[in-house]
Amino acid sequence: MFKAEHLIKRKATPAQMDSVKMRRKELRAGKKDPQLLTRCEHLWMNLDQFRKERRRGNRFYDGDQWGDMITVNGKTMTYREYLIATGNFVIQTNQIKNRVETISGIRVKERTEPVCMARDKDEQPYAELVTKGVLANSDKNQMSELEQKWIKDACNGGLGAAYESYDDVSGPNRRLDSWTQYINPNRLFFDADGVDPRFWDLSIIGLSRYGTREEMCARFVRKPSDYDMLESIYPVQFGVQKVDRVGDLEDKFDDNSLVFMDSSDPVRCYYCEVWTKESRARIRLNDTNVGEEEIIDADDYAYRKLVKEENKRRKQLAEENGIGDDEVPYILGDGYGRDDTERYGFFMDTYWYCRFLAPDGTILWEGESPYADRSHPITLFIFSYVDGHIVGYNHDAIDHQIAINRKWVMDDWLQRASVKGHIVVPKALVPKDVTNEQFAASLTSIDDVTFVELDERTKDLWPKILNGPAPNGDASRDIALIKDLMDSGSPINGAIQGKDPGRATSGTLYAQMTTNASTAVASFMEQYRNFIRNILVKKMKNIAMFYDAERWAKIAGSIDSLTDFSTVNLNDVADIEMDLELMESANSLEAREMQEQDLTSLLVSGIITPDEYMQLSRKSYIQKLRQMRQARQAESESAQQAGIPAGAAPEAVARSEAPAASAAAPMA
């Protein structure tokens, strides 16, 4: 007979509820996780079709548009090789690049900058503080240049990705700051099970990286044993002799040579950065005495013991003072007090966990997300994501571009294949003392004379010039038709590109065409603005969480009531999604002129003072005016202290300063 206690299932411990610890226990691989590395490689291979279509889109944007592979008589070759083999000239035009540059130009002409607006007026100083911090950091990261790259990635491949981190290795000069990095979509991988267009339901995301020996040491070496570990993993790359592989730059991004992690590279050390969503048992505490909440790990028994002792102390103190148990300000959540909301106590928390994996599965570094949003630092922009298929914005225009190129080549072949100026000469007309070649040369020579003898049989024989009929293929008409089809299938038509309208197009119709084209591309631009906004939200949370009072003071200077930045509650600033609203403000020349006109009107009407006007104005000479005004005010205050009336002549000032100078001189 079994005893009763043997039939009762033991309670799960917090360690068993920790997905990271249980995974490490089941693998029994120590500091290695080859299974996770294999999963990352499989996810990367799942995006193989996307990488091929992206490569094709980039070729049609700025590359070989005849690079598609075909099979002729069992031999696989490119269209370009086939045309050359058949004696044709390779002709291509580029209608797609103009459309991509048009969309990029629309974003450039918007000229916007991030601005934070407080939902509560009391927090407006915080909004201005964060706005200045984000603007300074965006300028440092050259965000405008990165934005153009992301737009072109979305148009040609359908996916753009950014990486927002706070470290001292992502930027130049080892400066600790929030850095925005461009991610090559070819290096990215994530699970395709999610259906949320905002990608909130991802469970794994990452990218394959590479770095030099120096970069690897800066990122992963914290003690001598770390260097020994890297040297054992990358013996060739850590060697003294370094020789780059011979090959074009394009070869490294070719579909056939692109691999997940290239361990054969003699210079670059490849590794994988992967973020996974994990779960862990935690306890939410609420100190009712001060109104602060805190989340601790359920297996942090030392801290839980301190909480228990503090609750016992408060209970004993309340009993000594005759206070009922219901009125004791316990730390709720760990067995003491009454929680009517059921908010505090034990719960299963989900969070993002990061690992850096070497090619052999060694974990170079691992840890929980250090960021305020407890998420991964990657932001995705996918224009069209349907059933796991990523489609570029210009995907439909590629077939039209192929049709235009083929029409040009066909028309060129017809022109070359037609008979043009072919001369037919009866042999009876060729003199006996002249060869056929000499006679043919004389026919096409200038001012040449040939004497022939004619008889009754040859008097009606003369050379004839044959010209074949013009090719029946009207290339200009067909190409115009294809371009019209391309314009109708894409909102980037001639009107939005600024092309001159045709003779039959009225000004009203052309204006309406421009408006309609702008409306069609508005959906794409709105998705892109949301992508940029998500990047800036991560940036704002980083700088609000990690910037200290000294850096805030250097960036912001003085903002209304925030003159002492040591008193700024950075936790309030970090809760930006609840307290602050991020929006884009116009930064064009026209918008600045309108702002200056409004400020001038307020100054003339007396609503604002000259000091307030100079503080808000963005004219180039305003700073110089402020300095001159401050110097003049300082002179006026010093003159008043010396008893000199305002507006006194310089001679009076000199006379007043002379006695003071003589009194201050030492006695002889």
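A few remarks follow.
- All positions within the stretch 185-198 that are open to solvent by 30 Å² or more (accessible area, probe 1.4 Å) and touching a residue at least 60 places away in the same chain (Cβ under 8 Å): Ala192, Pro197
- Sole residue being out of contact with any helix residue (DSSP H, G or I) (no Cβ under 7 Å at 6 or more places or on another chain), at negative phi and at pLDDT below 75, chosen from Gly489, Gly468: Gly468
- In the stretch 403-426, the residues that are closer than 28 Å to Arg80 by Cβ never reach a residue that is open to solvent by less than 70 Å² (accessible area, probe 1.4 Å) and among the basic types (Lys, Arg) with C-beta atoms less than 6 angstrom apart, at least six apart or across chains.
- Complete set of residues in the stretch 75-89 that are more than 36 Å from the chain's Cα centre (by Cα) and either surrounded by 11 or more Cβ atoms within 10 Å (Cβ to Cβ) or modelled with pLDDT under 90 (or both): Glu81, Tyr82, Leu83, Ile84, Ala85, Thr86, Gly87, Asn88, Phe89
- Residue pairs meeting the criteria (Cβ under 9 Å; at least 6 apart or on separate chains; first closer than 15 Å to Phe531 by Cα, in the stretch 367-384; second of a type in the set (S, T, N, Q) and open to solvent by 30 Å² or more (accessible area, probe 1.4 Å)): Pro377/Gln181; Thr379/Asn534; Leu380/Asn534; Phe381/Gln527; Phe381/Asn530; Phe381/Asn534; Ile382/Gln527; Phe383/Gln527
- Inclusion of Ala397 among residues that are under 30 Å from Lys31 (Cβ atoms), crowded, with 18+ Cβ neighbours inside 10 Å, small (Gly, Ala, Ser) and out of contact with any Pro (no Cβ under 7 Å at 6 or more places or on another chain) is not warranted.
- Counting only helices (runs of 4 or more DSSP H) that sit wholly inside the stretch 1-48, those with at least 3 residues that are at pLDDT below 80 and open to solvent by 50 Å² or more (accessible area, probe 1.4 Å) are 4-7.
- The residues of the stretch 525-548 include none that are under 9 Å from Ser178 (Cβ atoms) and surrounded by fewer than 17 Cβ atoms within 10 Å (Cβ to Cβ).
Residues checked against (1) within 18 Å of Arg551 (Cβ to Cβ); (2) surrounded by fewer than 16 Cβ atoms within 10 Å (Cβ to Cβ); (3) free of Cβ contacts under 8 Å to residues at least 12 places away in the same chain; (4) basic (Lys, Arg):
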| position | (1), (2), (3), (4) |
| --- | --- |
| Ala118 | no, no, no, no |
| Met143 | no, no, no, no |
| Lys152 | no, no, no, yes |
| Ala161 | no, no, no, no |
| Asn173 | yes, yes, yes, no |
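- Residue in the stretch 312-328 that is under 30 Å from Val236 (Cβ atoms), among the hydrophobic types (A, V, I, L, M, F, W, C) and open to solvent by 70 Å² or more (accessible area, probe 1.4 Å) present: no
- Any pair with Cβ under 7 angstrom, 6 or more apart, that starts in the stretch 200-215 at a residue that is within 15 Å of Trp44 (Cα to Cα) and ends at one that is assigned to a loop (DSSP other than H, G, I, E, B) and of a type in the set (A, V, I, L, M): Leu207/Ile183; Ser208/Met261
- Subset of the stretch 171-199 [at pLDDT below 90 and either touching a Gly at 6+ places or on another chain (Cβ under 8 Å) or within 18 Å of Ser263 (Cα to Cα) (or both)]: Ala192
- Complete set of residues in the stretch 199-214 that are within 29 Å of Asp360 (Cβ to Cβ) and either in contact with a His (Cβ under 8 Å, 6 or more places away or on another chain) or not in a helix (DSSP H, G or I) (or both): Leu202, Ser203, Ile204, Ile205, Gly206, Leu207, Ser208, Arg209, Tyr210, Gly211, Thr212
- Residue match in the stretch 361-381 (condition: over 24 Å from Arg51 (Cβ atoms), modelled with pLDDT of 90 or more and loosely packed, with under 12 Cβ neighbours inside 10 Å): yes
The values are calculated or read from the model by the stated rules, or taken from the named source; none is laboratory data. Not measured: the values here are computed from a predicted model. In this analysis, Cβ positions are derived from the backbone assuming ideal geometry, glycine residues included, and neighbour counts consider all displayed protein chains. These accessible areas exclude ligands, DNA and RNA; they are computed on the full protein's heavy atoms, side chains included. Shrake-Rupley method; radii C 1.70, N 1.55, O 1.52, S 1.80 Å.
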